[in-house]
Amino acid sequence: MKRILVIEDDARFQGVLQEMLGRAGYEVLVAPDGKVGVGLYRDKHPDLVITDVIMPEKDGAEVIFDLQKEFPGVKMIVMTGGGQGDAQTYLKSIMMYSDVKYAFEKPFSMDQLFLAIEETLG
């Protein structure tokens, strides 16, 4: 069973992702912010990280760059509901400077997310 870490500060959306991924047969770990998420990654070494960008403690961009530095080859998908400026521009800049291949602006289709998960996990 593949293990996915969801780092999301919105408890309601985190719950939706946890339920949908669990129903799809994934083991799901959750973290309310990037600081907790990085710690969980270090302890549990999940197969994939799905992280929000705008979060307290440690934002998604910091999570991405910290994990890629410490764990080259870590597989990640990023999502955001906004932030300063245009969300798409922000996501594109994260993708340009990281190994992240899939980025989603909220709200997004769960079908799109599952396709990205399947392609990322191979």
Filter result for the condition that a residue is modelled with pLDDT under 90, surrounded by fewer than 21 Cβ atoms within 10 Å (Cβ to Cβ), of a type in the set (A, V, I, L, M, F, W, C) and not in a strand (DSSP E or B), over M1, M95: M95
Scan of the range 18-35 for residues that are touching a residue at least 12 places away in the same chain (Cβ under 8 Å), among the charged types (D, E, K, R) and not in a loop (DSSP other than H, G, I, E, B), ordered by number: E27, K35
The one condition in (1) buried (at least 18 other Cβ atoms within 10 Å of the Cβ); (2) under 13 Å from the mean Cα position of the chain (by Cα) that G81 fails to fulfil: (1)
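The values are calculated or read from the model by the stated rules, or taken from the named source; none is laboratory data. Worth saying up front: this structure is predicted, and the values here are computed from it rather than measured. Cβ sites come from the backbone with ideal geometry, for glycine too, and all protein chains shown count toward neighbours.
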